[in-house]
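Presented below is the structure to which this report refers.
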Amino acid sequence: MQTTNDTAHNLTNVDVVVVGAGFAGLYATHRLRNVLGLRVRSFEAGSGPGGTWYWNRYPGARCDIESYNYSYSFDEALQREWRWSERFAAQPEILAYLEHVADRFDLRRSYTFETRVTSAVWDDAGNFWTVGTDAGEKLTTRFIIAGSGVLSTAQQNEFPGLGDFEGDVLRTAAWPHEGYDFTGKRVAVIGTGSSGLQVIPEVARDAAHLTVFQRTPQYAIPLGNRPTFAHEHDEIVNDYAAIRTASRLNFVGAPYPEASPSALAVDEETRKAIYDKYYDGGGFRMLVSTFGDLLHNKEANDTVSEYIRDRITERVEDPVVADLLSPKGYAYATKRAPFEYGYFETFNQENVELVDVQSTPIRSITATGVETSAQHFEFDVIVMATGFDAITGSLLRMGLIGRNGAELATCWADGPHTYLGIAVPDFPNLFMITGPQSPSVIYNMPLAIEDHVEFASAAIEATLGRGADLVEATAQAGDAWQVLVSGIADATLMTQTASWYMGANIPGKPRAALLFAGGAPLYRAICAEVEATGFGGFRIGEETAPLPSSMLLDPKVATVLGLIMLGDARSYEQLSVEEQRAMLESFVLVQAPPRQSVKFEERTYPTAAAEHLNLHLPVRVYHPDAKGPLPVVVFLHPGGWVGGSIALSHAPSTELAEELGAVVVTPSYRLAPEHPFPAAIDDAYAAVQWAAEHAAELGGNPARIVIAGESAGATLAAIAAQRARDENGPRLAAQVLLYPPIHPTADTESRRLFPHGPVVGVAAVTQMWELYLGDLALQDSPLASPSNASSLEGLPPALVLTAEIDPTRDEAEAYGHALAAAGVPTEVRRLDGFIHATLNLGGYVPRTREIYAAINSFLAAHGQTAGSGAATGIR
Ligand code: N01
C-alpha cells in the first residue's frame, strides 16, 4: 500500500516502531510490514523473540488456556502445521512456537534485540515520534505499536535487605536460561500467585527443604494438563474456524461451554454437580461455564468460593495448613484465579512448610535468609514470585511524552485514561496492544492481541489512505470510555478486592479498574462499531468522527449487553420465531426480582374472539399493599407482537403496582404470526374493557383507568386509547407509552443512528411489523399504527418515554409531539444511555428505577396514583 504522502514519508526514518517481540510485537511486525507494506523497526529487550515466554523460564511455567486455543489464528497454514504436545503447553514449547513464527514470517530481520525503547517524544509540528533506545539510538517514526506486555515489568526491591542476601535470588519473571538445580538446598518461595503455584511443586521435588511464604491464599483449581491425544490435532485443525468463532463469542475468549444463568437459580445438588464437573474440567471453565452471575453477585460467588475451599480441605492432610491455604475474605475470580498441578498436595510433603505472612509479615531479607515479624528463616536460595507492575508498568517506563510535552505518567497519575485501551488522548499515532482498560488479560491473549493489532493496522491504513499523518483519540472519547470501563467494573465484584487487576499490588500505584470487564464479545462489538463508523471517537487528519453509539450506553446496560452477547452472534431477526420468544423470556434472568409485597391473582378475560371462539386468555391482576379504591393500570407486555408474555412482565408489573400504588392488570394477548393483525390490538382493547368493567371488583376505581405498555405493548396501548375514545369505550385517565415503535416505515434520524440497536435493530423492528401485519399493505390501518389516526384530539394525557440508543426513539417522540400539538397534555422524556427493553434489565441496571419514578410523577401530576386524590376527569 501507499505509505504516508511523499513529503511526510521522507520526514521519518520508518513508518512504524514496534515495541516487543512477544505475541503482540511479532504479529504487529508481520501485519504492518508484510501485509501493509510499511517500513517497520522493532525492538525487544530480550535476546530473541518470545516476550513473556522468553523471560518466565521457571520450571512449571505453562499456559492455562489450552494450547490449541492459546495460539495465533491469523494464518491458516500456521494453525495447521504446529502440533502441540500437551493440552497446556509448557514454556519451552510456547517459546519454540513463537521462534517458529518469527522465522516463518521472516520477522527477525526487523528486530533489534537486547535493546529497550526508553523514550518516545511526540512532535506536534511534524506529527511524528522520536524514539530513543538504551543503546543510544534515536529514530523518527510516524506510528508506535506498544506490544510491551502487560505482565512484563516485574516487582523489584520488595523487601529491605534483598541485596544483602548471600545465597541466590531467583525471579520467576527473569529465570536463568541455564536453569537451576535445587537439589539438597534450603529454598524459600515468596509469593503464591500463578507463578508461585506453578513453581512450588517443581521446587519441592528437589529441594531439601522448601518454605512457602504466602500472603493471600488462592482459589486455585486443577489445571487438568495431559499429553495431547493422537487424534486431537486433526480434529482441532479441521474444526479451527468454528473453534475460533466460539472463542470470540466467549467472555474470556476460549471455546468453553456457556454458563447457566445463575448459581442461585438451582438447588444445591445441581449446583454441586456443575462445580464438580468443571473443577476438574481444566482452564477457565469454572468461571465461564458454571454460572453467569459469579462475577456480579456476591451470594452466587459465595457458592463457588465455598466449594473450592471444601476441595482444598479435602486435599491437604493437616487441617491447620488446609485452613491457611483456604482463601477467605474476597470473592472467587476477583483476583486472577490461578491453576495448579499438585500444588495443594505439595503441602503434604515432609520437606514443605507454609508460612503465613499476612499474620507475620516479612520485615526484611538478611544475609542468610528471611526475617518475618515472628522469626528468622535460613535459606540457600530465595525465589521471588512476587508479581508485576501489571498492565501499565511497561508503558509508563517507556518514556512516552505526548502533545505539549505531556508525560504519560502525569496524565495517568490517577489511573490510566485511554480510548478502548488502545489509544491515549494527547498521544497521537500510538497504539497499545492489550493496553489498560481493554479486556487484556481476561481475554485469551493471542486472540486479544490479534484484535488489537488488526484494529491498529486498520486505523493506520485508514489514516494513510486518506493522505493523513495523524490519528488520535479525542478527549471526549477518552472520557466516555473512562465512564464505561469504570461503570462496568463497578457492576462486578472485582473492584471490591485488592488485586493487581485494580493496581493494588504495587505500593503507591493508583487504584483503578485496569481492565474492561464486560467480556470479549461486547468489547469486540464496540471496536467493530468504532471501525464501522470511520473510527468514531478518533480524529484522523483534520476530520473527527463522532462518538459511536456504544459510547453513550449506561455502563450497567452495557454490562447486560455483554452477557446477552455471549455464545451467539446472530442478531435478533436472524433467530427463528421460537428462538426469539425464548430470547425474550430470558430477560427474566436480568430483571430485578419481583416485589414480594405485591400479591397477584390469575384471572381470565374474554378476548375479542370470545363470542365466536369462546376464547378467554389469562390476565394477572397485581395488588399492592395499599388501601383502595386504587387507580388501575392496564399494562401491555413487550415482544414485537410475536413474543413476550405475562411471565416476562411479571416482575415489572409488581414493581409498577408497588411504585404507583395501583392495581396493575397485565393481560396476555394473541401473538403473531399464528394470530396475525388485528388479533393483538383487539385483545388489548378487550382487556382494557374488561379491566374497566371489573375495576371495582379488583379493588380499583373505574374512573381511574390508565393504559400503559412497553415496546410493541405500548403501540397497542396507544391504539387502545384511540379506540376507547372512538368506540365509546372506557374513559381512560392517562396513557403511558414506553418506547413504542410507531410505524413500520418511519424515516427517522434514530433509525439511521442506531441501525443495529443494540438488541433491537431496524431489521428486527421491520421483521416484527411484517410478522405482525402479515401484509405490510395493512400498515396504513388505524389499528396498525397510532400515527394513522385521523385525529389525536381528545386522547388521555400521555407520557412517552424513549430510550436514547434505540432506532424507534424518534418515531415515538414524534408521536408524543403530535399528541401535544393536538392539545393532549403530553410529556416526552428521553432516558439517557438506555436501550430498547431497558425496563427488563433492572437486576443489573439500578437506573431502571427512573422509568418507574417518571411514570409515578407523571401519574401523580395527573391525579392517578394511590395518594393523589380523585381523578381529574381528564378526557
Ligand atoms: O504474580 P501475582 P504472578 N509480601 O501478582 C505475593 C499471569 N501468569 O507472577 O496476593 C508477601 O499473581 C502476592 O501476595 P498477595 C497471570 O495472569 C499466568 O504469580 O498480593 N507477598 C502474590 O501471592 C497471573 O495472575 C501464568 O497478597 C507478596 C504473589 O506475591 C500474573 O501473570 C503463570 C509481596 C504475586 O502473585 C501474575 O502472576 C504465571 C510482599 N511484599 C503468571 N508482594 C499461566 O499459567 C507480592 N507478594 C498462564
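Can you name the helices (runs of 4 or more DSSP H) wholly within region 532-613 that have at least 3 residues being under 30 Å from V266 (Cβ atoms)?
Passing ranges, in order: 555-564, 577-585.
How about region 202-214: which of its residues are out of contact with any Phe, Trp or Tyr (no Cβ under 7 Å at 6 or more places or on another chain), surrounded by fewer than 17 Cβ atoms within 10 Å (Cβ to Cβ) and not hydrophobic (A, V, I, L, M, F, W, C)?
R205
Where in region 194-284 are there helices (runs of 4 or more DSSP H), lying fully within it, with 3 or more residues that are among the acidic types (D, E), more than 16 Å from the ligand (Cβ to nearest atom) and free of Cβ contacts under 8 Å to residues at least 12 places away in the same chain?
268-279
Among (1) farther than 28 Å from Y275 by Cβ; (2) open to solvent by 10 Å² or more (accessible area, probe 1.4 Å), where does V383 come up short?
With respect to (1) farther than 28 Å from Y275 by Cβ; (2) open to solvent by 10 Å² or more (accessible area, probe 1.4 Å), V383 is out only on (2).
Please find, among G369, G342, the residue that is within 16 Å of the ligand (Cβ to nearest atom) and open to solvent by 30 Å² or more (accessible area, probe 1.4 Å).
Going through G369, G342 in turn, just one is within 16 Å of the ligand (Cβ to nearest atom) and open to solvent by 30 Å² or more (accessible area, probe 1.4 Å): G342.
I need the full set of residues from region 374-387 which are within 20 Å of L324 (Cα to Cα), away from the ligand (no atom under 12 Å from the Cβ) and in a loop (DSSP other than H, G, I, E, B), in order please.
If the condition is that a residue be within 20 Å of L324 (Cα to Cα), away from the ligand (no atom under 12 Å from the Cβ) and in a loop (DSSP other than H, G, I, E, B), then A374, Q375 are the ones that fit.
Q91 passes all but one of (1) within 34 Å of the chain's Cα centre (by Cα); (2) surrounded by 15 or more Cβ atoms within 10 Å (Cβ to Cβ); (3) more than 16 Å from the ligand (Cβ to nearest atom); (4) free of Cβ contacts under 8 Å to residues at least 60 places away in the same chain; which number fails?
(3)
List the residue pairs whose Cβ atoms are under 8 Å apart, where the first residue sits in region 771-794 and is in a helix (DSSP H, G or I), the second is open to solvent by 30 Å² or more (accessible area, probe 1.4 Å) and of a type in the set (D, E, K, R), and the two are 6 or more positions apart or on different chains.
What qualifies is L776/E770; N788/D780.
If you check G191 against the conditions, is it within 10 Å of the ligand (Cβ to nearest atom), at pLDDT 95 or above and at positive phi?
So G191 fits the description; yes.
So for region 417-435 (the condition being closer than 29 Å to A333 by Cα and charged (D, E, K, R)), does at least one residue qualify?
No, region 417-435 contains no residue that is closer than 29 Å to A333 by Cα and charged (D, E, K, R).
Exactly one of these conditions fails for R33: (1) within 13 Å of the ligand (Cβ to nearest atom); (2) open to solvent by 10 Å² or more (accessible area, probe 1.4 Å). Give me its number.
With respect to (1) within 13 Å of the ligand (Cβ to nearest atom); (2) open to solvent by 10 Å² or more (accessible area, probe 1.4 Å), R33 is out only on (1).
Do the conditions hold for A102, that is, is it among the hydrophobic types (A, V, I, L, M, F, W, C), under 25 Å from W55 (Cα atoms) and surrounded by 19 or more Cβ atoms within 10 Å (Cβ to Cβ)?
Judged against the criteria, A102 is a match.
Select from region 170-186 the residues that are within 16 Å of the ligand (Cβ to nearest atom) and within 15 Å of T211 (Cβ to Cβ) and list them in ascending order.
L170
Residues G644, G699, G661, G729: which one is surrounded by fewer than 20 Cβ atoms within 10 Å (Cβ to Cβ) and at positive phi?
After ruling out the rest, the residue left standing is G699.
Might you let me know whether region 465-473 holds any residue that is part of a helix (DSSP H, G or I), open to solvent by 10 Å² or more (accessible area, probe 1.4 Å) and in contact (Cβ under 8 Å) with a residue 40 or more places away in the chain?
Yes.
Would region 112-126 turn up any residue that is within 23 Å of I433 (Cβ to Cβ), more than 16 Å from the ligand (Cβ to nearest atom), among the small types (G, A, S) and in a strand (DSSP E or B)?
Yes, there is a match, as at least one residue in region 112-126 is within 23 Å of I433 (Cβ to Cβ), more than 16 Å from the ligand (Cβ to nearest atom), among the small types (G, A, S) and in a strand (DSSP E or B).
Considering region 221-251 alone, what residues qualify as being open to solvent by 60 Å² or more (accessible area, probe 1.4 Å) and in contact with a strand residue (DSSP E or B) (Cβ under 8 Å, 6 or more places away or on another chain)?
Result: R226, P227.
Conditions first: (1) assigned to a helix (DSSP H, G or I); (2) open to solvent by 10 Å² or more (accessible area, probe 1.4 Å); (3) under 23 Å from A545 (Cα atoms). V441 passes all but one, so which condition is the exception?
(3) is the only condition that V441 fails.
Just the residues that are open to solvent by 50 Å² or more (accessible area, probe 1.4 Å) and not aliphatic (A, V, I, L, M), please, taken from region 761-819.
Those that are open to solvent by 50 Å² or more (accessible area, probe 1.4 Å) and not aliphatic (A, V, I, L, M): E770, G774, D775, D780, P782, S787, S790, E793, H817.
Within region 297-338, track down each residue that is assigned to a loop (DSSP other than H, G, I, E, B), surrounded by 21 or more Cβ atoms within 10 Å (Cβ to Cβ) and not aliphatic (A, V, I, L, M).
Listed by number, the residues that qualify are Y332, T334, K335.
Select, from I449, I391, the only residue that is in a helix (DSSP H, G or I), within 16 Å of the ligand (Cβ to nearest atom) and within 25 Å of the chain's Cα centre (by Cα).
I449
A120 fails exactly one of the following numbered conditions: (1) in contact with a Gly (Cβ under 7 Å, 6 or more places away or on another chain); (2) open to solvent by 60 Å² or more (accessible area, probe 1.4 Å). What is the number of that condition?
It fails just one condition, (2).
Identify all residues within region 348-366 that are within 15 Å of the ligand (Cβ to nearest atom) and closer than 30 Å to R226 by Cα; write none if there are none.
Once the filter is applied, which keeps residues that are within 15 Å of the ligand (Cβ to nearest atom) and closer than 30 Å to R226 by Cα, region 348-366 yields only L354.
Can you tell me which of G405, G399 is open to solvent by 20 Å² or more (accessible area, probe 1.4 Å), out of contact with any helix residue (DSSP H, G or I) (no Cβ under 6 Å at 6 or more places or on another chain), without any contact (Cβ under 8 Å) to a residue 40 or more places away in the chain and under 30 Å from D134 (Cα atoms)?
Result of the check over G405, G399: G405.
Picking from L589, L630, L613, L584, which residue would you name as being over 14 Å from A686 (Cα atoms) and free of Cβ contacts under 8 Å to residues at least 12 places away in the same chain?
Of L589, L630, L613, L584, the one residue that is over 14 Å from A686 (Cα atoms) and free of Cβ contacts under 8 Å to residues at least 12 places away in the same chain is L613.
Quick one: G48 ticks every box in (1) farther than 18 Å from I145 by Cα; (2) within 16 Å of the ligand (Cβ to nearest atom); (3) open to solvent by less than 20 Å² (accessible area, probe 1.4 Å) bar one, so which box is it?
(2)
Being touching a Leu at 6+ places or on another chain (Cβ under 9 Å), assigned to a loop (DSSP other than H, G, I, E, B), buried (at least 23 other Cβ atoms within 10 Å of the Cβ) and touching a residue at least 24 places away in the same chain (Cβ under 8 Å) narrows it down to one residue among Y669, Y622; which is it?
The unique qualifying residue is Y669.
Determine the pairs where a residue that is at pLDDT below 95, located within region 166-182, has a partner that is more than 16 Å from the ligand (Cβ to nearest atom) and open to solvent by less than 70 Å² (accessible area, probe 1.4 Å) with Cβ atoms under 6 Å apart, the partner being 6 or more residues away or on another chain.
The qualifying pairs do not exist here.
Is one or more of the residues making up region 509-519 surrounded by 17 or more Cβ atoms within 10 Å (Cβ to Cβ), free of Cβ contacts under 8 Å to residues at least 24 places away in the same chain and touching an Asp or Glu at 6+ places or on another chain (Cβ under 9 Å)?
no
The values are calculated or read from the model by the stated rules, or taken from the named source; none is laboratory data. Nothing here was measured: the structure is a model prediction, and the numbers come from that model. FYI the Cβ positions are ideal-geometry reconstructions off the backbone, even for glycines, and counts take in every protein chain you see. When the accessible area is computed, the model is the full protein with side chains, heavy atoms only, and any ligands, DNA or RNA have been set aside. Shrake-Rupley method; radii C 1.70, N 1.55, O 1.52, S 1.80 Å.
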